[in-house]
1. By how many degrees, 0 to 90 and rounded to 10, does the Cα axis of helix A:122-140 deviate from the longest principal axis of chain A?
2. If you put +1 on each Lys and Arg Cβ and -1 on each Asp and Glu Cβ, how big is the dipole of segment A:58-211 around its Cα centre, in Debye rounded to 20?
3. Provide B:Ser44, A:Ser218, B:Ser293 in ascending order of the number of other Cβ atoms located within 10 Å of each residue's Cβ, fewest first.
4. So if each residue of separation counts as 0.36 nm, and I subtract the Cα-Cα distance between B:Ala23 and B:Arg429, what length gain in nm does that give?
5. Order by neighbour count: B:Phe316, B:Phe400, fewest other Cβ atoms within 10 Å first, most last.
6. Using only alpha carbon pairs under 8 Å that are at least six residues apart, calculate the relative contact order of chain B and give it in whole percent.
7. What list do you get for A:Thr279, A:Thr334 if you sort them by fewest beta carbons within 10 Å?
8. Explain nothing, just the number: relative contact order of segment A:1-153, from Cα pairs under 8 Å at least 6 residues apart, as a whole percent.
Amino acid sequence: MNAGAALTLYVMAAVTVLVFVLAVTPLRGRMRRLPELVGLAGLVATAGIAVAQWGERQVAFAGEVRIDRFGLLMTWVILIAAAATILLAWGEPAAAGRRPEFTGLVLSAATGMMLTVMSGDLITLFIGIELLSVALYILCAVEVARERSLESGIKYLITGSIGTAILIYGFALLYGVTGTTSLAGIAERLGSVDGLLDQPLLVAAIALIVVALGFKASAVPFHMWTPDVYQGAPTPVAAFMGTGTKAAAMGAFLLLFTGATQQASGDWRGLIGALAVVTMVVGNVGALLQDNVKRMLAWSSIAQAGYLLIGVAVGTLAGAESLIYYLFAYVAMTLAAFAVVILREREVEDGDRLSAFTGYGRARPWAGVAMTLALLSLAGFPPLAGFVGKFLLFGSAVDADMAWLAIVGAVASAVSVVYYLRVVIAMWSPQADGAPAVRRLKVPTPVAAVAVAGAVAVVGLAIWAQPLLDLCAGAARALILP
Amino acid sequence: MPWVSITILIPLVASVLLMLLPAADRARARALALLASVLTLASSVVVLVLFDRNLAALQQVDHLDWIPAIGVSWDVGVDGISIWLVLLTTAIFTLGTIAACQHLPEQRGPVFLGLIMLAQAGLLGLFTAGDLVLFYVFWEFMLIPFALLIWNWGGADRRGAGMIFVVYTMVGSLLMLVAIVATGLLAMDATGDLSFLIRDLQGVAFGEATATVLLAGFLLAFAIKIPLWPFHGWLPRAYSQAPIVVTILLAAVMSKAGVYGLLRVGLPVFPEGVGNLIMPVAILALIGIIYGSLLAWRAPTMRLLVGYSSLAHLGFIVLGIIVIDRMAAQGAVLQMVNHGIVVAAAFAVVMMLARGTGTEDMDRLGGLAKGAPRLAVAFLFVTMAALALPGSNAFVGEFFILAGVFNQYAWMAVIAMLGVVLAAVYMLRMYQSTMNGPVRGVRDDGRGAEMRARDAIILVPLILMMLWIAVWPGSLVDYTQASTDAAVAPAQIAEARPVEQIGVTR
């Protein structure tokens, strides 16, 4: 019991408050960037603390918060996503005048995500998910003057609230069955008390929780909000939802299933496996039909949730390890892709349409290469990080005698090649005769940095996969510690 | 020195450098691409010189752990099956680069050459990979450059052609990935170690049912890449829409990836499963031989004719491998090299004809021998080789295959023989209708199509290679014998073939 162990959360909370205070302070000239800089500094500091804390589990608040390898590694994913989001929104013209609030909201969402993955109790888990959701409702609608942004916020609010309601139902039932809200306690009761596993209420609780988290992770059939919200929300926010929220939701999946209800895995392996299959199929087929790159990326994020869910469905530590590795890869490639979309959006009206990318790779080769690497990695082409991740996930499925998941995943990936490559082709094909030259503006350095860093990570994480995999293995083992 | 790795890395590095060049800097791009391809060729010759022809196993292995936790490594080397394919790759790509440099329009520039180099690196990696995951990595790796080459610089239907090419290949190869994962994990159950090294997996007994299923997973990927009838849907579109230099590379080198995989991975790793698949695969190969020949006979353009003939010839090679006979397998390996050279030469002739006359449509040309006698002689030589006339290089390979097939299944040899007859029909049709008869479709009796120095630099080396193999096939077989015998032996043992047919005893 040591409240100081939760230092990362305190720092994040303090920085969030500080940024909100700065938001109401009149800042002039060069000081206008101060909130963003403070936010980034806070993220870097938190990342440093997370590295320093790496090791055996420490608990705070009577086990409500667990600081262990799992929480810390997932924190890294979240911090990367948050930092990238702030960079992607750098100088965003649409958010002018509200940039400090934007940064503050990203930070509070990130805090919620961290609380989620560090939670040792259903209550903290719930609070974490709510904190991140509420911040994101506002972020979606942050461009108050744009109708689509408002619509996106409302849509996310409504579906998100339904998800929350279902989640709390599920938690209540789970508490009813086991008599405790502590994750470790639930695991222990399920293992030791006879007859608990046969309770129909347990199945109901699991089903409700799967549905609710399915909403957050945008798994089919709870995905309908995703394309609209992604398209309407400011693009950096869409990038944040695609990466940070996904990571937090997957973290919650792992904590609740691979961790807490491991004993009942017979009840949920088939269920989550089926969810993964439907998600992969519908997500990939849906993406085929899109001619808007942002919408395509939204559908692709649904499909990717399907691959990620394989790691939960198998119910093994190998699955969790693969999932965490894939999350890193997924965050890198998604951020790189979104960064290039943002670049294009700032240069032309309707920059998220597929046609806006025609010839862009030739006009701006480094952005073209970054986008190409990101999309090829999303499609699972070797030797990129997305391939290594899929290889691990499929391997964990085959190993857990669920080869059908791997086969569906393989076929779905083959389909996905079509829509990812459609963008690649457009980028590298020549402009139609007589079309005006591709319009290029001065590149905002932070956005370019995210694109390049993401692309480098996509290659680097594949070639030096072993060190990260060692960390992931440690994180996965922390899931089942008593 | 790790010569095998160096051979792969030279084109890889060159491709990165080429992509970084400004689009307008074509002079430097040409110089760089030519230098890189010659260096790659030289490096592969060093590998050949260092090759020990008495060894059956992979040699000159460069091993580096990549992801040890899942048993994946950078593991490249050569054996008797791959050594000539490596040489074929570097030689054909050198000639292809020369051809590409001769006609490098502004919109192609360095990126075009860079993608060719990238494809070469992928193919060289594929032919030398000793680790199944690495094999898969290169299998996919080469797809992207080829697809981009078709997409960006192909004919009118390049989008559709490229997309079909990619989707066909991906469907097969992702299922192969699942099969690879399953192979590794099942082998781990048996041996206790997770390894994807082909040489480690060779010793594992999977049992007949499992081996059949796993082999089928690999076979689908191979069948699409080869392509085996009825998985050839991508071939006519890709071959006819790609820039012709790229078609040369696709037909001469990439088409060997599938058959190579079958002999190098399929047979040795899953010998127990081969027996169940001999009949289905052989029948598909036979259908491919006849069907491809008939299509070639009726093909409207020269390019499609050579493309379909390639379908038939690869049917021969598949047949030679799948009947698990030493002599037939020997012939198949030889024929992989032969076909690569002959089809490259045939497409090169098509390229020169199309360039000189402005059309690839056979029926609009005629009597070119009058104005272009040198090209006619070269073309006649290539035609003879392509229809496997006795005394040509392809004759040796096809003879080996047919003799081996006859020993095992006489009726198959009889049907395959029809393919040889039909080859004469379609190849002579192409030669006659363009070279002989009244002059048609060209001015000046077709002098514009005459072979000049820049054409000779591509065709003459290919013809010399054909002559060399025709006169002295033993110089190749010497190298391939030990590895080929070892590759088919496990399947022969599993099928309980007579002992005197088996070249290697375990």
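The numbers here are math on the coordinates, done by the rules we state, and not lab data. Predicted model, so just to flag it, every value in this text is computed and none were measured. We place every Cβ from the backbone using ideal geometry, glycine too, and count neighbours over all the protein chains shown.
1. In chain A, helix A:122-140 runs at an angle near 20 degrees to the longest axis.
2. For segment A:58-211, the charge dipole is close to 340 debye.
3. Details: B:Ser44 27, A:Ser218 30, B:Ser293 24.
Fewest-to-most ranking of B:Ser44, A:Ser218, B:Ser293: B:Ser293, B:Ser44, A:Ser218.
4. Value of the extension gain: 141.9 nm.
5. Numbers: B:Phe316 31, B:Phe400 24.
Fewest-to-most ranking of B:Phe316, B:Phe400: B:Phe400, B:Phe316.
6. 16
7. Lowest count first: A:Thr334, A:Thr279.
8. Once divided by the residue count of segment A:1-153, the mean separation gives 25 percent.
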